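Rule-based calculations on the coordinates, nothing more; no lab input. Bear in mind that the values here come from a model prediction, so they are computed numbers and not experimental data. As a convention, Cβ positions derive from the backbone with ideal geometry for all residues, glycine included, and neighbour counts pool all protein chains shown.
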Amino acid sequence: MVFLDPQCQRDGGGKLNPYQKLYVFWKCPMTKFCAWFLSFISLAVLHSYVALYSYRWEFLPSEWALYLWYLVLMVTEIREVFEQRATGMRNKLRIHWNSIWNIFDICLLVFSLFNFILKNFESTFWLSRILFACNSIPVYFQLFRYYHASIKLGPKLVILTDMLPEILTFVLLLAIFMLAYGVASQALINPYRRHEWSGFPGLLYDIFLLPYWQMYGELSLDELTIKDVPPCSVNATFEDYCYRTDIERIEDYRYVMPVLLALYMLFANVLLMNLLIAVFSSVFEQIHNNSMGVWKWEMCRLMEDFDQRTTLAPPFNILEQIYFLLKSTWKRCCRREKEDLDLYLNEANLSLKVFEKTCLSLFWSRKQSQTNDNITSRLKTVEEKTDAILSKFDIPPDWIDPSLVPNYQTENSHAKIQRILTLRAQDHQPVDPNGNQLATLKEDVSDLKTRMKQIERVLHSILRAVEKPKRE
């Protein structure tokens with residue numbers, strides 16, 4: 001980024017030598033961003049390769065490389081926690097957990113740790129494969145972080161994040177319809193179901209997942225047929241799971257199932273889905289106007305985050321981590337002289353205070369200029385209306401009170417306007433410490449307000465002068 005900066009090209013880069021320029025280039029947040037982005041793409045490709053081709057009982061070299069990569073990420077995450085600007089480990093962890101991306105990092109590392117432990121036992125190898133496959137989700141979700149750098153994808157990501165609570169509301173509404181239809185349908189499909197714990201997962205599938213897929217068009221009508229239940233004999237008991245032919249007919253229930261399915265599809269597929277679309281449209285319209293501002297804030301946080309990260313991207317940043325560890329150990333144990341940062345902090349605080357006061361003065365100067373513009377436009381409008389009234393009516397001078405007529409010999413409004421515009425043009429200049437410009441602006445505003453009041457009183461006097469001949 002240094003080589004592309006026009007200012008650096010004009011001044012020749014100052015006194016930086018080529019090696020220093022290269023160092024500044026690699027310390028740039030945008031350079032770190034690109035390096036970390038390529039690193040995470042490589043991690044996603046390696047994880048996908050291991051999950052699809054080389055996940056076996058024995059540890060292969062590609063899998064060892066992946067676990068070493070995760071170990072480097074774990075060390076980096078621990079270092080980020082300790083570098084949080086807070087006192088106490090609890091406050092550091094609380095600040096670290098405020099970022100959704102840090103939560104994805106922790107989930108990725110925790111899943112990898114449990115997967116590595118479970119794979120070493122034959123009885124839990126199947127569970128380790130499930131965890132390794134599910135670990136692909138946080139791996140690829142990490143790439144969302146880099147979408148914030150795009151002016152097209154960044155605002156859309158903000159809108160997507162704000163729509164997630166609406167999806168939760170939709171799921172809570174849908175769960176009621178799914179439970180109502182699922183329990184009612186399964187009670188009629190198999191009215192004499194045996195109570196067995198081994199069949200409980202299948203029952204949950206029929207109650208929850210079958211109505212869920214039916215909402216998307218997978219009706220599965222063959223699974224809605226009534227189960228064959230044998231009729232009861234003369235000496236049948238409750239444990240026989242049969243039905244009495246003299247009090248019910250199982251085949252009649254098949255006429256009720258289409259009615260339940262039609263009602264469920266009406267409410268779930270038509271009503272709730274259209275309600276979700278309408279809510280998403282409303283949320284999109286509300287957030288779209290502010291999404292650009294939120295994206296700029298997220299972009300600022302992203303650049304600040306990468307400004308504090310290591311120059312090298314994982315897994316090569318382990319070298320930089322070792323260097324920081326050795327440097328910190330040397331500062332605590334071996335160094336005799338300590339750095340005196342009091343003078344540096346005092347100068348930094350003084351510069352910050354001067355900067356804040358300068359920005360505040362510029363802000364109030366612009367606000368005052370806007371106020372003066374409004375007053376000036378109103379004053380010009382009143383003057384034009386006054387001139388129109390005076391030209392329309394031939395009013396004798398003795399009918400108007402001379403004390404109400406403003407003093408036109410003083411500085412006219414156009415000169416005041418010109419002076420205000422001149423002061424506005426000087427906003428980029430350093431602010432006068434004595435406040436002379438601000439005092440001049442206040443004086444001009446006060447004069448303009450007084451002039452408007454005088455013109456208003458003249459208008460009232462003119463109206464009284466117009467009504468005077470009528471009364472006589």
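If the chain between A262 and L204 were fully stretched, how many nm would it gain, using 0.36 nm times the residue separation less the Cα-Cα distance?
On the way: separation 58, 0.36 × 58 = 20.88 nm, distance 2.15 nm.
Taking A262 through L204 to full extension adds about 18.7 nm, to one decimal.
Order by neighbour count: E166, E248, fewest other Cβ atoms within 10 Å first, most last. All intermediate terms of the calculation are to be shown ahead of the outcome.
Details: E166 14, E248 11.
Exposure proxy ranking, most exposed first: E248, E166.
Of K119/K227; K296/K367; K92/K331; K21/K367, which ones are farther than 31 Å apart at the Cα?
Where the Cα-Cα span goes over 31 Å, the pairs concerned are K119/K227; K21/K367.
Determine ³J(HN,Hα), in whole Hz, for all residues of the range 315-320 in sequence, where each value follows from phi through the Karplus function 6.51 cos²θ - 1.76 cosθ + 1.60 and θ = phi - 60°; x replaces Gly and Pro.
Rounded to whole hertz, the list is x, 6, 6, 5, 5, 5.
To the nearest 0.05, how large is the calculated FRET efficiency for L68 and Q308 if R₀ is 25 Å and r is the Cβ-Cβ distance?
Computed FRET efficiency for L68 and Q308: 0.55.
Whole-Hz ³J(HN,Hα) for each residue in the range 290-305, computed from phi via Karplus 6.51 cos²θ - 1.76 cosθ + 1.60 with θ = phi - 60°, x for glycine and proline: what do you get?
9, 5, 5, x, 5, 5, 4, 5, 5, 5, 5, 5, 5, 5, 5, 5
Over the alpha-carbon set of the range 14-148, divide Rg by the Kirkwood Rh and report the Rg/Rh ratio to two decimals.
Numbers: Rg = 17.9 Å, Rh = 16.9 Å.
Checking Rg against Rh, the ratio lands at 1.06.
At a Förster radius of 41 Å, what calculated FRET efficiency corresponds to the Cβ-Cβ distance of L113 and H195, to the nearest 0.05?
E(calc), rounded to 0.05, equals 0.55.
Give me the extension gain from R254 to S377: residue separation times 0.36 nm, minus the current Cα-Cα distance, reported in nm with one decimal.
Once the chain is fully extended between R254 and S377, it gains 36.2 nm.
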